[in-house]
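Shown next, in structure tokens, is the structure this report addresses.
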Amino acid sequence: MKQSIKLDGLGLATFDDAIRAAGEVCKHFDRVFEAGQLEHWAAQHSPNENPVLDVANRVFIAIEDLGATELRVPIDHLLDPYNIGSSAESNGYRHTEDNAVEYTELKTNDKFRVGDLVSMQLSFKVIHLQHQKFKMLLILRSLARLDGSYAQISESQLHVKATLTVPQMVRIQF
């Protein structure tokens, strides 16, 4: 089970710069490994061929994979309204600080929707695959909903403003 989001920069140059920067991080990690051990990272693409960042974070980690310093944290009711997490925890999994994603949104009752303007924080992690192969992952850390008005405009009418002001936000911890 994971929390994930796919972000499309709608062809904006600043988003394309972020994609290139993620590629540079992968190149930096690649220097640590023998040639060919780290899988090449590349952004996915949307149906209209824009680069897309696919970012995720697991909700649980297996107990045997826990580090000595990882702290168990409760799962927020908003993330787990039916208390499914308690059965996962009794089956050898834990929700830790490393699995927590911080969500913030406007002081409204609106929910995150496709087309919302968001700000995201992520981290990079290299995981071990089989046969001395490794892969870089983009780990979701926080997601802030800045503006939901774009979600209500058809794609053909979408014009992104060059400057934005950040509205007052509230924290929601899952």
For the range 72-105, what are the residues that are farther than 29 Å from S119 by Cβ, assigned to a loop (DSSP other than H, G, I, E, B) and modelled with pLDDT of 85 or more? N91, G92
Residue in the range 72-91 that is under 19 Å from the mean Cα position of the chain (by Cα), in contact (Cβ under 8 Å) with a residue 40 or more places away in the chain and within 19 Å of L129 (Cα to Cα) present: no
Would you pick out the residues in the range 34-50 that are in contact with a Cys (Cβ under 8 Å, 6 or more places away or on another chain), open to solvent by less than 80 Å² (accessible area, probe 1.4 Å) and assigned to a loop (DSSP other than H, G, I, E, B)? W41
Which numbered condition L140 fails, given (1) modelled with pLDDT under 80; (2) under 19 Å from D8 (Cβ atoms); (3) surrounded by 11 or more Cβ atoms within 10 Å (Cβ to Cβ): (1)
Kindly provide the set of residues from the range 19-33 that are without any contact (Cβ under 8 Å) to a residue 12 or more places away in the chain, more than 21 Å from S46 (Cα to Cα) and in a helix (DSSP H, G or I), ordered by number. E24, K27, H28, D30
Please determine, by comparing only the residues of the range 51-71 that are surrounded by fewer than 18 Cβ atoms within 10 Å (Cβ to Cβ) and in a loop (DSSP other than H, G, I, E, B), which one is farthest from the chain's Cα centre (by Cα). A68
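The values are calculated or read from the model by the stated rules, or taken from the named source; none is laboratory data. Given the structure is predicted, the values throughout are model-derived calculations rather than measurements. Backbone-built Cβ (ideal geometry, glycine too); neighbour counts: all protein chains shown. Calculation scope for accessible area: heavy atoms of the full protein, side chains included, ligands and nucleic acids excluded. Shrake-Rupley method; radii C 1.70, N 1.55, O 1.52, S 1.80 Å.
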